[in-house]
Amino acid sequence: MKRGADISAFLQPLAEVPTQAFLSNVVQTADILEWILEQTGPAEVWQTSFSISEEFLRRLHFIQQRNPGTEVHLVLDFKATQKTLRLWVFLSRVMKSVHLAENHSKVIVIRPRSAPPVAVVTSQNLTRGNRYEAHTVTSDPPLCAALFDGVRDIIDNHSVPLDELLGSGPGGG
């Protein structure tokens, strides 16, 4: 988030507004994830994106440190493989699992241990940028379930686990 910006200018607590949407060139996807975890506590996080950046990974590392027990699963696109491989060491330390698929979606499903699920659908990759991006955040159970089922379908039926290809890393030691 840009310095001096307040996420409450864009989002209200999930308990008050279960589905909300906005356009912004100030709020980043990592800001939204951090904001959600502050309300829900530790969670399983299932993310899809075309690509990911080192800056986002660094931010995610610190978010996980502030939310012990949070595990992150990731689906990236095959076309971003070169960039993904350059980040492999960092990815292997931050992610529970990394999968490659023909994927252009940007979805995050947060499944807290002691709160209802939350989902984010965004136009922003897991990168940092200063462009206007669309974000929708919902805690509507059927929407969250549908998005989670879609992410699991990609992982289970249409992806390649990156650690198996490389022989080590998330889930593979």
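Taken together, the values in this text are just the output of simple stated rules run on the coordinates, not laboratory data. Values in this document were obtained by computation on a predicted structure and should not be read as measured data. In this analysis, Cβ positions are derived from the backbone assuming ideal geometry, glycine residues included, and neighbour counts consider all displayed protein chains.
Miscellaneous remarks
- Cα-based convex hull volume of segment 1-87 per residue, rounded to whole Å³: 119
- Put simply, the amide H of VAL98, placed in the peptide plane, has neighbours under 5 Å in LEU74, LEU162, ASP163, leaving out anything fewer than 5 places away on its chain.
- Candidates SER8, HIS61, MET95 compared by Cα position along the dipole of the chain: farthest toward the positive end lies HIS61, with charges placed on Cβ.
- Mean residue ellipticity at 222 nm, helices only, the chain: -10500 deg cm²/dmol; runs of at least 4 DSSP H residues each add -39,500 (n - 2.57), and the sum is divided by the number of residues.
- Kirkwood Rh in Å, taken over all unlike Cα pairs in segment 107-173: 14.0
- Cα pair distances in segment 75-124, grouped into 5 Å bins until the bin that holds the longest one, percent each: 5, 17, 21, 23, 20, 10, 4, 1
- Rounded if a/c under 1.5, otherwise prolate or oblate - segment 46-164, Cα gyration tensor axes: rounded
- Distant-in-sequence amide contacts of GLU71, defined by a placed amide H-H separation under 5 Å and a gap of 5 or more residues or a different chain, comprise ALA43, GLU44, VAL45.
- For LYS106, nonlocal amide neighbours, meaning residues 5 or more places apart or on other chains whose placed amide H falls under 5 Å from its own, are THR122.
- In sequence order, segment 85-99 has phi-based couplings of 5, 5, 9, 4, 4, 5, 4, 5, 8, 9, 9, 6, 8, 10, 10 Hz under the Karplus curve 6.51 cos²θ - 1.76 cosθ + 1.60, θ = phi - 60°, and Gly or Pro positions carry x.
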